[in-house]
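Okay, so here's the structure we're looking at.
What follows draws every value from the coordinates through simple rules; no lab data is involved. These numbers come from a predicted model, not from an experiment. Note that each Cβ is placed from the backbone with ideal geometry, even for glycine, and that neighbours are counted across all protein chains shown.
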Amino acid sequence: EDNNTALGNLALLYQLTGRDTQAKEILTQLHNKRQSNPYYHISLGNFAYQANAYRDAIKHFNKARRLDSSLHNSYFGLARTYYQLGDFKQV
């Protein structure tokens with residue numbers, strides 16, 4: 001019940017076997033749980049950065065920073081994203 005990876009795998013299994021309603025319930029539950037996890041937002045920020053979606057990356061890195069200001073990954077993500085945008089005042 002507390003293993004997010006197992007829940008995500010179960011949701012995928014449900015999707016693959018046509019049980020979309022059950023999959024959606026689990027995915028919603030996971031999404032809500034992950035909103036308070038700074039590492040989740042750092043991960044989303046990194047994915048957005050790789051996709052050149054820099055404004056989305058900034059949103060996720062800022063969210064991670066607000067959740068836990070001691071994590072250097074969010075600051076590094078912000079710095080490299082602002083650098084890509086040419087915004088050297090923010091860096």
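Here are some notes:
- With Cα atoms, 0 to 90° folded angle of helix 38-50 axis to the chain main axis: 70 degrees
- Most mobile listed residue (Thr17, Thr81, Thr28) in the chain, GNM with C-alpha springs under 10 Å: Thr17
- Across the range 6-12, computed HN-Hα scalar couplings (Karplus, 6.51 cos²θ - 1.76 cosθ + 1.60, θ = phi - 60°) run 5, 5, x, 5, 5, 4, 5 Hz from first to last residue, x flagging Gly and Pro.
- Cα gyration tensor category, rounded, prolate or oblate, for the range 13-91 with a/c compared to 1.5: prolate
- Assigned charges on the beta-carbon of Lys, Arg, Asp, Glu; the chain dipole about Cα centre (debye): 340 debye
- Helix-only mean residue ellipticity at 222 nm for the chain, each DSSP H run of n ≥ 4 adding -39500 (n - 2.57), per residue, nearest 500: -24500 deg cm²/dmol
- Ala51/Leu10 FRET efficiency (R0 22 Å; Cβ-Cβ; nearest 0.05): 0.25
- For the chain, with +1 on Lys and Arg beta carbons and -1 on Asp and Glu, the positive-most of Leu10, Gln84, Asn37 along the dipole: Gln84
- Under 12 Å, Cβ to Cβ, from Pro38 - net charge with Lys/Arg +1 and Asp/Glu -1: +3
- Neighbourhood charge, 14 Å Cβ-Cβ cut-off, centred on Tyr75 and excluding it, Lys, Arg +1 and Asp, Glu -1: +3
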